[in-house]
1. So in region 1-36, with the set limited to residues that are touching a residue at least 60 places away in the same chain (Cβ under 8 Å) and of a type in the set (Val, Ile, Thr), which one is surrounded by the most Cβ atoms within 10 Å (Cβ to Cβ)?
2. Do we find that Pro42 is within 11 Å of the chain's Cα centre (by Cα) and surrounded by 11 or more Cβ atoms within 10 Å (Cβ to Cβ) in this structure?
3. Out of the residues in region 45-68 meeting the condition of being surrounded by fewer than 14 Cβ atoms within 10 Å (Cβ to Cβ), within 19 Å of Gln15 (Cα to Cα) and modelled with pLDDT of 90 or more, tell me which one is farthest from the chain's Cα centre (by Cα).
4. Consider region 69-89. How many of its residues are at pLDDT below 90 and of a type in the set (Ser, Thr, Tyr)?
Amino acid sequence: MATRIRLRRVGRKGQPSYRIVVTEHTNPRDGRFVASIGHYNPRPKDTVLSVDVAKAKMWLDRGALPTDTVRSLLKKAGVLKKVGSAAPPPPA
């Protein structure tokens, strides 16, 4: 089972809110999911981000791959290490 950690859109039209979920990679964006590990609301002035760190680490240890957006949110939440912004050296 190839699992992904990605955002699932909820909320009214024009007022998006997202749940951070674990799902199989073949399921649609708002389709069936295995587990919900947090939520993210980008709309208010103070962005709301809540992640269950224990569940997130458990799914990452099991091999679930986060999408690029979720990876940045997990870094902000302290689940993943922040890597320095230094660019890798160009190939010789």
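1. Ile5
2. Working: within 11 Å of the chain's Cα centre (by Cα): no; surrounded by 11 or more Cβ atoms within 10 Å (Cβ to Cβ): yes.
No.
3. Val48
4. Residues flagged as at pLDDT below 90 and of a type in the set (Ser, Thr, Tyr) within region 69-89 amount to 1.
The values are calculated or read from the model by the stated rules, or taken from the named source; none is laboratory data. Values in this document were obtained by computation on a predicted structure and should not be read as measured data. For neighbour counting, all protein chains shown are included, and Cβ atoms are generated from backbone atoms with ideal geometry for every residue, glycine included.
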